[in-house]
Amino acid sequence: MKPMFSAGNATCCTILSVFGVIFLGTMSFLFSIPAESLTHTTEDPDNPAEVAKACLTATFFYAFMILFCGCQTWLNKREERAEIQLQ
C-alpha cells in the first residue's frame, strides 16, 4: 500500500492533531462543568452541555486523524526502508 501523503505532511498532521485532542478535550471538560473562569460568566453560552458535546465530537475526529496520519507516517517509513533495501 502506498502512502497518500508525504512523510512531512503526515508528521505535521499527527502533531497538530495531538494538540487538537489536548485542547479540545480540555475545552470539553471545562464546558461540561460550567467554568466561570472560561466564559467570565455562568450564563454564556446558553447551553454549555451542547458546547461540551461539540468539543468532544471534534476531539474524536482529531483522535481519528492521529491514527490516520500516524499510519501514513508509518507507510512512508516502510516505503523508504524498502527503497533502501532494493539499492
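Just a few scattered comments:
- Reported label for calculated Cα Rg over 2.2 N^0.38 Å given (1) 1.25; (2) 1.11; (3) 1.56: (3)
- Across the chain, the relative contact order, built from alpha-carbon pairs under 8 Å that are at least six residues apart, equals 49 percent.
- Helix axis angle, 7-32 relative to the chain longest principal axis, alpha carbon, degrees: 20 degrees
- Computed helical MRE - 222 nm, the chain, DSSP H runs ≥ 4 contributing -39500 (n - 2.57), nearest 500: -28000 deg cm²/dmol
- Order of Met4, Met65 under a 10 Å beta carbon neighbour criterion, fewest first: Met4, Met65
- Cα-centre dipole for the chain with unit charges at Cβ (Lys and Arg positive, Asp and Glu negative), debye to 20: 620 debye
Throughout, read-outs are computed from the coordinates displayed, never taken from laboratory work. None of the values given here were measured: they were computed from a predicted structure. When we count neighbours, we look across all protein chains shown, and the Cβ atoms used for this are built from the backbone with ideal geometry, even at glycine.
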